[in-house]
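One structure below.
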4 protein chains.
Amino acid sequence: MIFSKRKTVRFAHCDPAGIVFYPRYAELCNEVVEDWFREALAVDFHVLHEQLRLGIPAVRLEVEYLHPSTYGDTLEFTLRVREIGNASLTLNLIAWCGEQERVRIQLKVVMMSMDTLRAVKIDDDWRAKFAAFQE
Amino acid sequence: MIFSKRKTVRFAHCDPAGIVFYPRYAELCNEVVEDWFREALAVDFHVLHEQLRLGIPAVRLEVEYLHPSTYGDTLEFTLRVREIGNASLTLNLIAWCGEQERVRIQLKVVMMSMDTLRAVKIDDDWRAKFAAFQE
Amino acid sequence: MIFSKRKTVRFAHCDPAGIVFYPRYAELCNEVVEDWFREALAVDFHVLHEQLRLGIPAVRLEVEYLHPSTYGDTLEFTLRVREIGNASLTLNLIAWCGEQERVRIQLKVVMMSMDTLRAVKIDDDWRAKFAAFQE
Amino acid sequence: MIFSKRKTVRFAHCDPAGIVFYPRYAELCNEVVEDWFREALAVDFHVLHEQLRLGIPAVRLEVEYLHPSTYGDTLEFTLRVREIGNASLTLNLIAWCGEQERVRIQLKVVMMSMDTLRAVKIDDDWRAKFAAFQE
C-alpha cells in the first residue's frame, strides 16, 4: 500500500524568491507522517504521545530538492515504508506536482518511550501496521 | 578556517516532548549559513539576492540527529566547506552542546541567477571566499 | 455569508506545554484568509500577487486567546467581513472547537499595489465580493 | 527601566513580497519576552517551566504594523511593562529601525501553574521584578 496526501503550497511556505523555503519541506514531511498515523494507522499523535506514551523522534532526514514549487501549487505526497528495524522505521516520501517529482525525502525515526526517553522495540502490532505500507 | 556561531535553543523551537522539533534544525542551518555569508563572507543575503541577483537554493539536505536538545541549551554551530563544484557548494555543519555533538548537517546548494533562475558558475572571487573555509 | 474552514491542530503547532504556541494562530489566521480568497472569492494568492499585482499586507492584528487547544483538536474557523474601508478590509475570525470559542481574531489589511507598494482603492468588483461576507 | 534587544530580520522571516510575513512578528515578540526573562529577570524559560512550574500563556496580542521590514534590517525591540494585574502582565513592545517605529505590540499574559493549569497570583518577588520595567 502507498499512503498519499494532497497539500497546497501556501504563501507562508515561500521565501522572497517566491519558492518554497527549503526547511518548510521538513515541516510538510512531518505533517504527512502525522496524517499517515491518524488516517491510515488510526493512531492520532495525541493518543500516541499522551495515552500510548510513545514518540517517534527523527534520527536521520535526507531531502533532495529536484524542482522548485511555488504557492498555489498542489503537491501530492506519497509515503512508503522502506525498512522496519528493531526500534527504527525508515520512510520514503515523494512530493509530486502532476507527474513531476519535486522533492524526495527519506526519514528515519525510532520508536521511543515518552517515560524512559529510550528506544523501544517495535512490537508485532505496530510491525504489521507499518509492513502494510512496505513494498 | 571554521566559521562558528552560537545559537540559543528557544521555547519556539521545541515540541510537546520538550525537545527541538526536528524541522527547526533545517531553519537553524539556514540561519547559520545566512550568518556565515554576512559575517564571514561580508555579503548580506539581501545584497546577494537584490543587488548581485544571486540565490543559493538547496539541492540536498542531510541531517543526523544524534542527541536531543531542549530550550535554554546553547548550541555552538560550526560550518566548514566540504566541496566546491562548478556551480554547487557543499557545507558541513555540526551543532555542539559543550563537547557533545547534537546534530550533523550536510547541505548542498547551487549558485543560481535570480534573473534566469538557472545555475551559474561559481566565479574565482566566490571560489576563493568559499575555499578559505575548506580544510 | 460566513466562510468556514476546518483546521487540525498539529504537533508542529504546539509548544512544550503541549498547547498551541500563540504565534501559530497568526499563521492559521493567514491560512484561513488564503483559503477564503481561493475557495470563496475564487482568487488564488498566487494570481492575486503575480497576475493582479495586488497584495494585502496586515496593518493591525488582534488575537484573544480564550481557551487553549492541543494537537489532535479540530478547529472550525469562521470568517466574516466586519468593515470595508476605502483601501482597507477588516475581518473577524473565530476558532471554534465544538461549541467552545477558543480564539477570536480581528485582522485589518490594506489592498496594496505590488508595483508601487502603495495602498489602492478597493474597486467595485472587490467591494461586492467582500460585502457578500459582511453581516 | 526599558529592556532592549537587537534582532536581525532574516530571510526566513520574509514572504514572497520580500517583507516580513506578519505572523513572524508574533514569534519575534515571544523571542524578546524570552530574552527579557533570561537576561533581565534572570529566569530562563526552561527554569520557569520545569523548575518553578510556571508558564505565561498569552491571553491577548495586539500588533500594529506601521512600516514594512525586509531581510538584512536590524530591528531594535524595546520592552516596557505597562500593567501588572493580580495574575496578569501587560507588556508593550516596539520594533524600531533607526528612528522609525516599524511595529507596536501589546501582549497580555497570565501567570499560570504548570501543574494545575490555572492562573496564579503574581507574588511580591515577581511583582518587584516586573515593576522595575514599568514607567
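Details
- Averaged over the residues of peptide B:47-59, the number of Cβ atoms from other protein chains lying within 10 Å of each residue's Cβ is 3.
- The convex hull around the C-alpha trace of segment C:12-52, projected and averaged over every direction, spans 3.5 square nanometres.
- Hz values of 3J(HN,Hα) by residue in segment B:57-74 - Karplus curve (6.51, -1.76, 1.60), Gly and Pro given as x: x, 6, 10, 7, 10, 10, 10, 10, 9, 8, 9, x, 10, 10, 5, x, 5, 9
- Inter-part distance where segment D:54-79 and segment D:20-35 are each reduced to a Cα centre, Å: 5 Å
- Paramagnetic label zone (point 7 Å from Cα along Cα-to-C-beta, B:T78; backbone N under 14 Å) in segment B:1-45: B:1-6
- For the residue pairs B:K7/D:K5; A:K5/C:K7; B:K7/D:K7; A:K108/B:K7; A:K7/C:K5, the alpha carbons lie more than 18 Å apart in A:K108/B:K7.
- The angle between the Cα long axis of helix B:23-35 and the longest principal axis of the Cα atoms of chain B comes to about 50 degrees, rounded to the nearest 10.
- Backbone N under 17 Å from the B:W96 label point (7 Å along Cα→Cβ), restricted to segment B:3-28: B:3-9
- Axis-nearest residue in chain A [Cβ, rotation onto C], distance in whole Å: A:E27, 6
- Relative contact order (%) - chain B, alpha-carbon pairs under 8 angstrom, separation at least six: 29 percent
- Dipole magnitude for chain D: computed about the Cα centre from +1 point charges on Lys and Arg Cβ and -1 point charges on Asp and Glu Cβ, it is near 180 debye.
- Long-range HN-HN contacts of B:W96 with modeled amide H, under 5 Å: B:E76, B:F77, B:T78, B:R102
- Kirkwood Rh and Cα Rg combined as Rg/Rh, the protein assembly as shown: 0.95
- The ellipsoid equivalent to the alpha-carbon distribution of chain D has semi-axes of 28, 15, 13 angstrom, derived from the gyration tensor eigenvalues as √(5λ) and listed largest first.
Since every read-out is calculated from the coordinates, none of them should be taken as a lab result. Bear in mind the structure is a predicted one, so any value in this text is a computation, not a measurement. Don't worry about glycine lacking a Cβ; one is built from the backbone with ideal geometry, like all the others, and counts go over all protein chains shown.
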